[in-house]
Amino acid sequence: MIQRKSAREIEQMHEAGKLVAKIHKEIAKMIKPGMTTLEIDKFAEEYMRKHGAQPAQKGYQGYKYATCASINDEICHGFPRDEKLKEGDLVKVDFVIDLNGALADSAWTHPVGKVSEEAEQLMRVTKESLYKGIEAAKVGNRVGDIGAAIEKYVEPYGYGVVRDFAGHGIGPTIHEEPNIPHFGKPNSGQRLKDGLVITIEPMINTGAWASQMDDNGWTARTVDGSLSCQYEHTIAITKNGVMILTEQDDIE
Ligand code: MF3
Ligand code: CO
């Protein structure tokens, strides 16, 4: 069953999304060598609670933290930990907040200090691929058009588009139908309808797309040790166009 949201529900998710965006902007300002992802997690959780929101990931399927923090070759679902970040690291911080029952989900890649040119390019291409996916998320298009747009944009760079994790419908719970793969064929899959709220969250590797799971049962990392990057937005597809509910450029 695919849930479609009313304008009012979308507005409430947008309020949640603005708070998510604000937290990412604060993290971007404070992240530096010597800091730990556990400190970032603590900051994010406190910020949420101070603004009347809850960390929706905490307790979700037994997950223990407010955020996921995945470093370098970790693709997603890394645990925040007490290990100092180093100059040149890429940290993917991903979290979902619940503001009065409305959810918003966004992941952002934060560079630690100055990063390599390889990392800069990977970040640029991954972020742009997210926006290519968002452009394809129009009423009347199909789910496959989103993944196809991402794949087509990334392909010339020779990067791997991770296949083991996908975007998803969101609200009332974190993961709802439909599943939104970041690869695929144009004009395939379900039709995108007015009121659909989904995440698009491409994970792109400098090497192969293949991932392997750590022993902790959560953290995925690249099999070849290559660098991985991710940007994610929660978006609402409406007949008046797409709304990016977690957009950082719209807020101060
Ligand atoms: N934003 C993450 C995702 O869509 C949320 C995962 S829930 C967690 O994959 F419990 F794994 F953190
Ligand atoms: Co997500």
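The values are calculated or read from the model by the stated rules, or taken from the named source; none is laboratory data. Just so we're clear, the structure is a prediction, and the values are computed from it rather than from any experiment. Glycine gets a Cβ as well: all are built from the backbone with ideal geometry, and neighbour counts include every protein chain shown. Quick note on the areas: whole protein, heavy atoms, side chains included, nothing else; ligands and nucleic acids left out. Shrake-Rupley method; radii C 1.70, N 1.55, O 1.52, S 1.80 Å.
Just a few scattered comments:
- One residue stands out among those in region 96-125 that are under 15 Å from residue 202 (Cα atoms), among the hydrophobic types (A, V, I, L, M, F, W, C) and within 14 Å of ligand 2 (Cβ to nearest atom): the one that is least open to solvent (accessible area, probe 1.4 Å), which is 107.
- Residue check for residue 146: crowded, with 21+ Cβ neighbours inside 10 Å, in contact with a Lys or Arg (Cβ under 8 Å, 6 or more places away or on another chain) and over 26 Å from residue 40 (Cβ atoms): no
- Applying the criterion of at least 1 residues that are open to solvent by less than 10 Å² (accessible area, probe 1.4 Å), farther than 22 Å from residue 249 by Cα and among the aliphatic types (A, V, I, L, M) to the strands (runs of 3 or more DSSP E) found wholly in region 23-76 leaves 68-71, 74-76.
- Residue 126 falls short on exactly one of the conditions (1) within 13 Å of ligand 1 (Cβ to nearest atom); (2) in a helix (DSSP H, G or I); (3) within 18 Å of residue 27 (Cβ to Cβ), and that condition is (1).
- Residue 231 vs. criteria modelled with pLDDT of 95 or more, within 16 Å of ligand 1 (Cβ to nearest atom) and under 19 Å from the mean Cα position of the chain (by Cα): yes
- Taken over region 126-143, the criterion of being open to solvent by 30 Å² or more (accessible area, probe 1.4 Å) and closer than 17 Å to residue 239 by Cα is satisfied by 135, 138, 139, 140, 141, 142.
Conditions (1) without any contact (Cβ under 8 Å) to a residue 60 or more places away in the chain; (2) away from ligand 1 (no atom under 16 Å from the Cβ), marked per residue:
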| site | (1), (2) |
| --- | --- |
| 177 | no, no |
| 182 | yes, no |
| 185 | yes, yes |
| 188 | yes, yes |
| 191 | yes, yes |
| 195 | no, yes |
| 200 | no, no |
| 206 | no, yes |
| 211 | no, no |
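- Scanning region 69-87 for any residue that is free of Cβ contacts under 8 Å to residues at least 40 places away in the same chain and not aliphatic (A, V, I, L, M) turns up nothing.
- All positions within region 58-80 that are touching a helix residue (DSSP H, G or I) at 6+ places or on another chain (Cβ under 6 Å) and away from ligand 2 (no atom under 16 Å from the Cβ): 80
- Selection status of residue 144, within 30 Å of residue 115 (Cβ to Cβ) and away from ligand 2 (no atom under 16 Å from the Cβ): no
- Residue among 107, 137, 66 that is touching a Lys or Arg at 6+ places or on another chain (Cβ under 7 Å) and within 18 Å of residue 168 (Cα to Cα): 107
- Note on region 1-10: residues that are part of a helix (DSSP H, G or I) and either surrounded by 15 or more Cβ atoms within 10 Å (Cβ to Cβ) or of a type in the set (Val, Ile, Thr) (or both) total 2.
- Residue that is farthest from ligand 1 (Cβ to nearest atom) [pool: residues in region 82-100 that are more than 23 Å from residue 127 (Cα to Cα) and touching a strand residue (DSSP E or B) at 6+ places or on another chain (Cβ under 7 Å)]: 84
- For region 149-170, the set of residues classified as open to solvent by 30 Å² or more (accessible area, probe 1.4 Å), assigned to a helix (DSSP H, G or I) and under 25 Å from residue 74 (Cβ atoms) consists of 151, 153, 155, 157, listed by residue number.
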